[in-house]
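Accompanying notes for the structure given below.
The values are calculated or read from the model by the stated rules, or taken from the named source; none is laboratory data. Quantities reported herein were computed from a predicted structural model and do not represent experimental measurements. Counting neighbours? That spans all protein chains shown, and the Cβs are built from the backbone with ideal geometry, glycine included. Note: areas computed on protein heavy atoms with side chains; ligands, DNA, RNA excluded. Shrake-Rupley method; radii C 1.70, N 1.55, O 1.52, S 1.80 Å.
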Amino acid sequence: MNRSTNGLNHPIDLILACYPDDTAYLPTMQIIRSIRKMQQVSRRLAADGQTIGLVPTMGFLHRGHLSLIKRAQKNADCVITTIFVNPTQFAPHEDLDKYPRDEKGDIRKIREAKGDIVFIPKADEIYPDDFQTYVTVEKLTGTLEGKSRPTHFRGVTTVVAKLFNITRPDLAVFGMKDFQQACVLKQMTRDLGWPIRFIIAPTVREKDGLAMSSRNKYLSGEARKEARCLIYALRTAREMANSGVTVPKKIITEMRAVIKATCPSARIDYIALTDTTTLKPVSKVVRGTVCSLAVHVHGVRLIDNMKIA
Ligand code: AMP
């Protein structure tokens with residue numbers, strides 16, 4: 001697809017001209033809210049030989065999300081960004097109702113990033129009454145986030161499976177920031193045999209190193225400053241690994257000390273050094289070892305992941 005076309009002769013416009021009922025027209029970008037229309041459009045794109053890149057998000061977009069769109073644009077003719085705050089990946093006590101939302105702002109940002117399609121399905125269409133089919137990935141979901149949030153990944157895999165079926169992408173891009181999520185989805189894609197190329201894109205960070213996240217909105221003042229404890233701990237781990245320390249316990253002990261020193265009220269959920277494929281704890285740091293942590297900073301649960309060797 002030629003990205004320099006001005007919208008009037010854009011292949012997606014031609015396709016959508018056949019199904020105009022609930023599509024808000026924007027030059028060079030289409031907003032689709034119904035599953036049926038999204039299916040029709042993606043099938044038509046595929047029939048026209050256009051490759052599709054998918055970037056699933058929960059909205060309240062920041063530069064991290066936009067970097068995934070940019071990454072998808074490098075390898076796909078048409079990029080579909082989805083915005084869906086997925087209820088099934090939140091436990092009853094979690095922040096579903098207060099999860100930040102800004103649909104208008106998100107649409108503007110995707111348009112500025114030259115996204116092709118924004119798919120914003122409704123929860124009752126994704127999960128109609130009497131919905132009862134879930135996708136679960138087994139081993140990889142038993143550790144780290146899966147231990148702390150036992151029902152989380154079942155929700156993630158189910159919704160992404162549905163998004164894959166609806167949009168039929170050739171490639172999908174996910175963030176290193178949520179490394180375990182990316183691994184779980186990659187496993188699901190392989191196990192279910194979808195011919196989807198999987199890309200894990202680097203984490204985009206604030207100037208002080210805090211990983212961008214929609215949940216950072218909950219942080220202000222002292223909490224925002226002390227949220228740096230995660231990146232301080234990760235950098236400590238990377239420096240220790242680079243200087244030849246290979247004993248995980250030594251690194252984790254030092255990371256705990258750094259967090260305590262830089263955010264005294266922090267509650268550490270987990271810190272782990274794991275194998276990049278199995279996500280099992282390593283007995284020795286080797287090339288590719290991933291460091292993952294989840295920390296409650298002034299009541300806000302933050303996660304981050306980094307390859308440290
Ligand atoms: P979310 O909206 O939080 O569900 O995230 C949607 C996608 O964006 C996931 O693949 C995340 O891993 C990715 N993502 C979130 N934060 C960042 C970031 N700071 N840099 C790069 N990707 C990110």
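Observations, loosely collected:
- Of the set (1) out of contact with any helix residue (DSSP H, G or I) (no Cβ under 6 Å at 6 or more places or on another chain); (2) on the phi > 0 side of the Ramachandran plot; (3) of a type outside the set (D, E, K, R), all apply to LEU279 but (1).
- In the range 155-182, the residues that are basic (Lys, Arg) and within 13 Å of the ligand (Cβ to nearest atom): LYS177
- Among the residues making up the range 250-280, those that are of a type outside the set (Val, Ile, Thr) and touching a residue at least 40 places away in the same chain (Cβ under 8 Å) are ALA266, ASP269, TYR270, ALA272, LEU279, LYS280.
- Every pair of residues 6+ apart whose Cβ atoms lie under 9 Å, when the first sits in the range 137-166 and is within 22 Å of HIS296 (Cα to Cα) and assigned to a helix (DSSP H, G or I) while the second is open to solvent by 40 Å² or more (accessible area, probe 1.4 Å) and among the β-branched types (Val, Ile, Thr): PHE153/THR136
- Scanning the range 125-154 for residues that are in contact with a helix residue (DSSP H, G or I) (Cβ under 7 Å, 6 or more places away or on another chain) and within 15 Å of the ligand (Cβ to nearest atom) yields a count of 5.
- Cβ pairs under 7 Å, 6+ apart, first in the range 283-294 and without any contact (Cβ under 8 Å) to a residue 60 or more places away in the chain and open to solvent by 10 Å² or more (accessible area, probe 1.4 Å), second in a strand (DSSP E or B) and aliphatic (A, V, I, L, M): VAL285/LEU273
- For beta carbons closer than 8 Å, sequence separation of 6+ or different chains, a first residue in the range 211-226 that is small (Gly, Ala, Ser) and a second that is assigned to a helix (DSSP H, G or I), the qualifying pairs are ALA211/GLY64; ALA211/LYS177; ALA211/LEU230; ALA211/ILE231; SER213/GLY64; SER213/LYS177.
- Scope the range 66-85; condition touching a strand residue (DSSP E or B) at 6+ places or on another chain (Cβ under 9 Å), open to solvent by less than 30 Å² (accessible area, probe 1.4 Å) and within 13 Å of the ligand (Cβ to nearest atom); matching residues: LEU68, ILE69, ALA72, THR81, THR82, ILE83, PHE84
- Residues of the range 265-277 that are closer than 17 Å to THR236 by Cα and out of contact with any Lys or Arg (no Cβ under 8 Å at 6 or more places or on another chain): ALA272, LEU273.
- Which listed residue, of ALA201, ALA211, ALA161, is within 12 Å of the chain's Cα centre (by Cα) and either closer than 28 Å to LEU96 by Cβ or assigned by TED's automatic domain parsing to the domain that holds PHE60 (or both): ALA201
- Flag if HIS152 is open to solvent by 50 Å² or more (accessible area, probe 1.4 Å) and either over 24 Å from VAL79 (Cβ atoms) or touching a Pro at 6+ places or on another chain (Cβ under 7 Å) (or both): no
- Residue match in the range 239-262 (condition: open to solvent by less than 70 Å² (accessible area, probe 1.4 Å) and under 24 Å from ARG71 (Cβ atoms)): no
- Residue within the range 106-119 that is surrounded by 14 or more Cβ atoms within 10 Å (Cβ to Cβ), within 12 Å of the ligand (Cβ to nearest atom) and touching a residue at least 40 places away in the same chain (Cβ under 8 Å) present: yes
- Taken as a whole, the condition of being at pLDDT 95 or above, farther than 29 Å from LYS207 by Cβ and within 11 Å of the ligand (Cβ to nearest atom) applies to LEU54.
- Within the range 186-214, tally of residues that are crowded, with 17+ Cβ neighbours inside 10 Å and part of a helix (DSSP H, G or I): 5
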